[in-house]
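The values are calculated or read from the model by the stated rules, or taken from the named source; none is laboratory data. On a predicted model such as this, the values are computed, not experimentally measured, just so you know. Reconstructed Cβ throughout: ideal geometry from the backbone, glycine too, with neighbour counts over all protein chains shown. Only protein heavy atoms, including side chains, enter the accessible area calculation; ligands, DNA and RNA are left aside. Shrake-Rupley method; radii C 1.70, N 1.55, O 1.52, S 1.80 Å.
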Amino acid sequence: MTKNTDDDDAEALRRRVEELELGNALMREVVEVVKKDPGADLRRLSNREKTLLIDRLRPAYSLRSMTCLLAIAPGGHLLPPRPARR
């Protein structure tokens, strides 16, 4: 193997570890904050639930990585909640 290939592999592994750590952190928050089953599908959460997760984990993880994993628009978590229907 060449040094360039080793560097590429190391970078790919680092990104994968970060992705797995974020996924793990999100699932812990799903259980703790949203009170859902630990096996809950992150994509099936409501936008409100996703926003709660993003707000809680924002200091530790990038907005881009969280919105990508949660399948929510980067600005979507900033929108004010809609008023209740009557």
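Pairs meeting the criteria (first residue in region 17-35 and on the phi < 0 side of the Ramachandran plot, second residue of a type in the set (S, T, Y) and part of a helix (DSSP H, G or I), beta carbons under 6 Å, at least 6 apart or on different chains) are L22/S65.
Taken together, the residues in region 39-71 that are under 14 Å from N24 (Cα atoms), open to solvent by less than 70 Å² (accessible area, probe 1.4 Å) and in a loop (DSSP other than H, G, I, E, B) amount to 4. Among the residues of region 9-38, those identified as surrounded by fewer than 12 Cβ atoms within 10 Å (Cβ to Cβ), assigned to a helix (DSSP H, G or I) and among the acidic types (D, E) are D9, E11, E32.
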